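Participant: My questions all concern the structure below.
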Amino acid sequence: MKLRKVMAFTLAGAMAVTGLTACGGNSADTATTAAAAGTTAAAADAGTTAAAADSGSADADIVLQVAFENSISEPVGQGWVKAQEIIKEKSGGTMAIEVYPDSQLGDKSSLIDSMLLGENVCTLADGAFYADYGVPDFGIVFGPFLFDSWEQCWTLIESDWYKDQCAKLEEKGLKLIASNWIYGERHTLTNVPVNTVDDLKGLKIRVPSNEIQSKGFDVLGATSTGMALGDVYQALQTKTIDGAENPLATLYGRKLHEVAQYLILDGHVKNFTTWVVSADWFNSLTEEQQNWLIETATEAGEYNNEVQQAAEADYLQKMKDEGVTVVEPSEEVLAGFKEKAQPFYEMDFGWTDGLYDTVKAAMGAN
């Protein structure tokens, strides 16, 4: 098989092919099902790991190597285990997905760089990363407190503005194949109490290594520190950093609450995530194979969303049970966060003039 390099590729975004929405199918803001409720982080120990490895790739003509920094126990990991079943059924076994969690194939930036070389790799990424890869306007979707609801996210990914960003990204060599995955609301976990935005002042907070997320936290008064997710536990343990931000699934899945036991549910980003592959690699597939891939990524995203919604309360309760002090900020406290964040949208990121207002209109915000 030609497509067999040990690299990871993330299915991102949701670009259109025949019969599908241009840059990401419906968000599947679906109701939690009984089956999903039983599929929480605890489900992914030996059995799930074995399922992830049992991809059926030995007999497939096309193999997708999907790699990410998260644990297989998290909803995104569960989503890709489900995707293995879906792609096998759709393609009659001619396509397969191999899953590589826990940064087994490297960090996000190295995976994306591999895509730009035409490698058959896939990983999850977000607008903040795409801004660093030549589509600056895409970064706004990761701005602090941009969205008031998930429905605004799903309205945005169906908009002409979003489709235009996907097309620009494809010109840069990256193809988005699904944008409908809920990664979660991003909260802040620290080793000292944070009760208001003013308590962030001077704290070193780990963020993914991109300009948007770094400045998005700096504007809140913290000192952002770019770092690979796999290095965060030790950095917290040694007090190299004072905290980290991520959805509950990731904070708990990486066991970061063991070394930082103060959590504020600030929800500074409603993080829908995208899956991205090499545009050259994607275009080497037949139209039928492209359809199978996008349909698989979209359907697996719907499954991820069910699992994520079912697991959210479970993660929070487990963190409380394991000693984490949780702050649920009042509307007044959140208003302080939002006010502090507003200057972010006046910074110079090379954005198109009037971008903030354009995106607000595209998401249906008043």
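The values are calculated or read from the model by the stated rules, or taken from the named source; none is laboratory data. The shown structure was predicted, so the numbers you read here are calculated from the model rather than taken from an experiment. Cβ atoms come from the backbone with ideal geometry, glycine included; neighbour counts cover every protein chain shown. The protein model used for the area step is the full one, side chains on, heavy atoms only, and it has no ligands, DNA or RNA in it. Shrake-Rupley method; radii C 1.70, N 1.55, O 1.52, S 1.80 Å.
Participant: Evaluate Rg over Rh across segment 227-355, taking Cα atoms for both radii and Kirkwood's formula for Rh. Mind showing how you got there, number by number?
Facilitator: Numbers: Rg = 19.2 Å, Rh = 18.3 Å.
On the Cα set of segment 227-355, Rg over Rh gives 1.05.
Participant: Given H placed on each backbone N at 1.01 Å, which residues far from residue 103 in sequence or on other chains put an amide H within less than 5 Å of it?
Facilitator: Sorted by chain and number, the residues that satisfy this are 68, 69, 70.
Participant: For residue 172, enumerate residues with amide H under 5 Å from its amide H, sequence gap 5+ or separate chain, H modeled in the peptide plane.
Facilitator: Amide H to amide H, under 5 Å and 5 or more residues apart or across chains, residue 172 pairs with nothing.
Participant: Just grab the label-to-label distance for residue 342 and residue 89, each label 7 Å out from Cα along the Cβ direction, in nm (one decimal).
Facilitator: About 5.0 nm separates the two model spin labels.
Participant: Also, I was wondering about something else. Relative to the Cα centre, what is the charge dipole magnitude of segment 219-345, using +1 at the beta carbon of each Lys and Arg, -1 at the beta carbon of each Asp and Glu, and rounding to the nearest 20 debye? Don't skip to the answer; put the middle values down first.
Facilitator: Working: 8 positive and 20 negative charges, 123 e Å.
Around 600 debye, computed over segment 219-345.
Participant: Packing-wise, with mean Cβ within 10 Å as the measure, how do 289-297, 336-344 rank, highest first?
Facilitator: On the way: 289-297: 23.7, 336-344: 15.7.
Most protected by this proxy first, the peptides run 289-297, 336-344.
Participant: What are the ³J(HN,Hα) couplings of segment 59-70, residue after residue, when phi is run through the Karplus curve with 6.51, -1.76, 1.60 and θ = phi - 60°? Round to Hz, x for glycine and proline.
Facilitator: Couplings: 9, 8, 7, 10, 10, 9, 9, 9, 10, 7, 7, 7 Hz.
Participant: Taking only protein heavy atoms into account and a 1.4 Å probe, give the accessible area per residue of segment 141-228 in Å².
Facilitator: 33 Å²
Participant: Taking θ as phi - 60°, what are the ³J(HN,Hα) couplings along segment 317-326 by the Karplus curve (6.51, -1.76, 1.60), each to the nearest whole Hz, with x for Gly and Pro?
Facilitator: So the Karplus estimates, Gly and Pro as x, are 5, 4, 5, 4, 4, 9, x, 7, 8, 10 Hz.
Participant: Taking amide H positions as placed in the peptide plane 1.01 Å from N, state which residues far from residue 61 in sequence (5 or more) or on other chains have amide H under 5 Å from it.
Facilitator: 95
Participant: How large is the accessible surface per residue of segment 277-366, computed with a 1.4 Å probe and reported in Å² as a whole number?
Facilitator: On a per-residue basis, 49 Å².
Participant: Give me the base-10 log of I(q)/I(0) for segment 137-245 at each q in 0.11, 0.14, 0.18, 0.24 Å⁻¹, Debye formula, one uniform scatterer per Cα, rounded to two decimals.
Facilitator: Cα-only, vacuum Debye calculation for segment 137-245: -0.44, -0.68, -0.98, -1.31.
Participant: With all pairs of different alpha carbon atoms counted, what Kirkwood hydrodynamic radius in Å does segment 238-294 show?
Facilitator: 15.0 Å
Participant: Through the Karplus equation 6.51 cos²θ - 1.76 cosθ + 1.60, θ set to phi - 60°, convert the phi angles of segment 273-286 into ³J(HN,Hα) values in whole Hz; use x for Gly and Pro.
Facilitator: Values, residue by residue: 10, 10, 10, 10, 9, 5, 5, 4, 5, 4, 6, 7, 7, 6 Hz.
Participant: Next up: Give the dimensionless ratio obtained when the Cα radius of gyration of segment 199-277 is divided by 2.2 N^0.38 Å.
Facilitator: After normalising by residue count via 2.2 N^0.38 Å, the value is 1.06.
Participant: Ignoring ligands, DNA and RNA, please state the percent of accessible area on segment 233-366 from carbon and sulfur, probe 1.4 Å.
Facilitator: Roughly 43 percent of what the probe reaches on segment 233-366 is carbon or sulfur.
Participant: Let me ask something else about it. All other residues with a Cβ under 13 Å from the Cβ of residue 279 taken together, and with Lys, Arg as +1 and Asp, Glu as -1, what is their net charge?
Facilitator: Taking every Cβ under 13 Å from that of residue 279, the sum is -1.
Participant: Lysine pairs in segment 217-352 with Cα distance under 16 Å, only those 8 or more apart or on different chains: how many are there?
Facilitator: 4
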